[in-house]
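The values are calculated or read from the model by the stated rules, or taken from the named source; none is laboratory data. Bear in mind the structure is a predicted one, so any value in this text is a computation, not a measurement. Here the Cβ positions follow ideal geometry from the backbone for every residue, glycine too, while neighbour counts run over all protein chains shown. Just so you know, the surface numbers come from the protein's heavy atoms only, side chains and all, with ligands and any DNA or RNA stripped out. Shrake-Rupley method; radii C 1.70, N 1.55, O 1.52, S 1.80 Å.
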Amino acid sequence: MLPLDPALFTLLNANAQTPAISIEAARAISSWLPSLCALPVMAGLLRGSPALRRTLVLALLSMLAAWAVARLIRWGFPAPRPAQLGMGVQWVEHALRSSFPSMHATGAFALAQALTLGCTRHRRWVMVSAWSLALGMAWSRVHLGVHFPSDVVGGAIVGICSATLVWHAALWRRLAVMPNLLPYNARTHSGRPQ
């Protein structure tokens, strides 16, 4: 927990004066959003263009890598949840597993970053939607009292970095198989082709 966490958590966590619609919206985002995002991803994998399928496969690999890194962090550095410290109100049932980083935020930000890296300028609405949903997921986890703000920020960092690494690894692999994609200067040695 970071020094700013208690103040930010108190500001964002729903309490008895919070409108019920805000709490229900956070519950819906936290519970239903992962499943709702899975539907267009599966449809794209089944019926999308080869480029879309490649983007979605890399997005799923990004999420898998991010979750693996998050699990390792949780295992190595277990952190208490707000309820374990007697802080705030917890609005959903949740096991008392390690809190840092948030797995929901990790997956959401990995997906958003992966889609951003795979989108063309003609599909900016996909990027805007993905980042909006990731931010909504992060907010919902703190609003419902199951994570500190640093947990969701940590999840965002793990997700974004994991997706970036997966995409770069895929690009490096592709360039190793097809070196003609490299710029001419990168393929030359002392000004002569190798």
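Which residue pairs have Cβ atoms closer than 9 Å, lie 6 or more positions apart in sequence or on different chains, and pair a first residue in the stretch 15-26 that is within 15 Å of Val146 (Cα to Cα) and of a type outside the set (Lys, Arg) with a second residue that is open to solvent by 80 Å² or more (accessible area, probe 1.4 Å) and modelled with pLDDT of 90 or more?
Every condition considered, the pairs that remain are Ala26/Trp139.
This table checks each residue for (1) modelled with pLDDT of 90 or more; (2) small (Gly, Ala, Ser).
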| position | (1), (2) |
| --- | --- |
| Glu24 | yes, no |
| Ala28 | yes, yes |
| Leu39 | no, no |
| Ser49 | no, yes |
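Could you say which residue among Met63, Met87, Met42 is under 14 Å from the mean Cα position of the chain (by Cα) and aliphatic (A, V, I, L, M)?
Answer to the check: Met63.
Would you list the helices (runs of 4 or more DSSP H) that sit entirely within the stretch 1-107 and hold 1 or more residues that are open to solvent by less than 60 Å² (accessible area, probe 1.4 Å), of a type in the set (A, V, I, L, M) and within 22 Å of Ala134 (Cα to Cα)?
Per the criteria, 20-47, 50-76.
In this structure, does Ser132 turn out to be among the polar types (S, T, N, Q), farther than 19 Å from Val69 by Cα and open to solvent by 20 Å² or more (accessible area, probe 1.4 Å)? So that I can check it myself, show each step before the final result.
On the way: among the polar types (S, T, N, Q): yes; farther than 19 Å from Val69 by Cα: yes; open to solvent by 20 Å² or more (accessible area, probe 1.4 Å): yes.
Against the criterion (among the polar types (S, T, N, Q), farther than 19 Å from Val69 by Cα and open to solvent by 20 Å² or more (accessible area, probe 1.4 Å)), Ser132 qualifies.
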